[in-house]
1. Given the condition touching a residue at least 24 places away in the same chain (Cβ under 8 Å), closer than 23 Å to Val162 by Cα, in a helix (DSSP H, G or I) and among the charged types (D, E, K, R), answer yes or no: does some residue in the stretch 75-85 qualify?
2. Between a residue in the stretch 33-59 that is farther than 17 Å from Ala87 by Cα and any residue that is of a type in the set (Ser, Thr, Tyr) and at pLDDT 90 or above, which pairs come within a Cβ distance under 7 Å, given they are 6 or more apart or on different chains?
3. Going residue by residue through the stretch 319-341, is there one that turns out to be over 27 Å from Pro181 (Cβ atoms), surrounded by fewer than 21 Cβ atoms within 10 Å (Cβ to Cβ) and out of contact with any His (no Cβ under 7 Å at 6 or more places or on another chain)?
4. What are the residues in the stretch 199-219 that are open to solvent by less than 20 Å² (accessible area, probe 1.4 Å), over 14 Å from Ile293 (Cβ atoms) and among the small types (Gly, Ala, Ser), if any?
5. Condition first: more than 21 Å from Ala84 (Cβ to Cβ), of a type in the set (A, V, I, L, M, F, W, C) and not in a helix (DSSP H, G or I). Now tell me which residues in the stretch 120-141 satisfy that.
6. Could you look through the stretch 65-80, keep only residues that are under 23 Å from the mean Cα position of the chain (by Cα) and open to solvent by less than 60 Å² (accessible area, probe 1.4 Å), and pick out the one that is modelled with the lowest pLDDT?
7. Take the stretch 99-119 and flag every residue that is modelled with pLDDT of 95 or more, open to solvent by less than 30 Å² (accessible area, probe 1.4 Å) and not hydrophobic (A, V, I, L, M, F, W, C).
8. Can you tell me which residues in the stretch 120-144 are open to solvent by 10 Å² or more (accessible area, probe 1.4 Å) and under 20 Å from Thr358 (Cα atoms)?
Amino acid sequence: MNAGARRPRVLLFAGGPLDRQDTADTQLAAAVAEAVADVDFTWFARRPRRGGGLPAECGRPVPLAVPHGLPRLVRLPLTAVAGAVVARRVDLVHAVLPVDDAFPPLSRLWPPLLRGRPVLHTVTGVRDPRLLRRSRPLGRTVAQSEATAGELSAAGFGRVPVVPPVVRLERWPYMPRPSGPTPRVLVVGYDGPHGGAEEAVMAAGVAVRAGARFRLTLLRPRPGHRPRADDSSVLALAGREGLRNVEVLGHVADMRPLIASADVVLFMPGVPGIKPEVPMTVLEALSTGRPVILGDDHPQFAALGDTVLRAPVGDAHRTGHLLRQLLDRPHWWQVLSEQGRTRVEDRFGPRAFAEQYTRIYTELLG
């Protein structure tokens, strides 16, 4: 970006309004807008407009007329058409999108509508590698992990650099271990079948029978949660496992107090690959100083190194004994707590994130 010249104009496209910031895609796009200087960003906002929540001081929001409640397979093409109209007035389109069921048709529909406008595509995850066979690159492609970059390159997306996701360190400061009488074990990722609830409950049962004492909190991450039949089945399973202090929470607007109140965080997806990248909740927990136990058959987790504890997906015995030992060994807890924070600062901090995206923008914008 040249000093004294007109500021480049960039459309940040995340398939929805950025002022909502209720998905990993919109959160990452908003983080890009905060990180890259000397650019005028344009983004979609809710219609009717609501105050607050704008992701960048430089630029402008465009009200999005597409109803938010539509299925993604319908909503994303409609939003892409709106994006193609807005793109006529910008120098670069930065799409922040996963490769999911809606992406293959979008990858064919959108480029002709953009009429040669350059595109940067940050892939926030690949839901199923088979989808790549039906997809085409939108333009320059960036991945969030080495594993995903390898999948994209092998599928014909060219050389794919890696820019890890960013954690806003000032928003997620390091916190000392809670001092309450009963430790809290927080289960994240729970949302229906294969979300990890059953695996976490069975692991917690192993820990309790081995002598651990704690309360188990299971979190459904999606807005608009209502108690469902599978909540009842999870609670029934908890009873059979001998757990007496269990709660299921719906969507939590501000996760910071909840994570700060936890002693340990579990991420136990029941099917390998059900979560496409490192979940932000895991990174935010590590930033806060909360040790994390992962059900680890996911190559995307390699970036976390030895700062997390790992057990094979579905291995309740291994996970439960790791949990008991972690709760009972304060020194080990403290070592993992500090290592987790350091890893987030070094690899997922805002400085490296801003430098990498600024360099890519400079290359694409000349």
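The values are calculated or read from the model by the stated rules, or taken from the named source; none is laboratory data. Here the structure is a predicted model, which means the values were calculated and not measured. Glycine gets a Cβ as well: all are built from the backbone with ideal geometry, and neighbour counts include every protein chain shown. Protein only, heavy atoms only, side chains kept; ligands, DNA and RNA dropped before computing areas. Shrake-Rupley method; radii C 1.70, N 1.55, O 1.52, S 1.80 Å.
1. So in the stretch 75-85, the residues touching a residue at least 24 places away in the same chain (Cβ under 8 Å) come out as 75-77, 79-84.
Then drop every residue that is not closer than 23 Å to Val162 by Cα, which leaves none.
Scanning the stretch 75-85, I find no residue that is touching a residue at least 24 places away in the same chain (Cβ under 8 Å), closer than 23 Å to Val162 by Cα, in a helix (DSSP H, G or I) and among the charged types (D, E, K, R), so the answer is no.
2. Ala35/Tyr357; Val36/Tyr357; Val36/Thr358; Val36/Tyr361
3. no
4. Gly205
5. Val126
6. Leu70
7. Listed by number, the residues that qualify are Pro104, Ser107.
8. The answer is Thr124, Leu138, Gly139, Arg140, Gln144.
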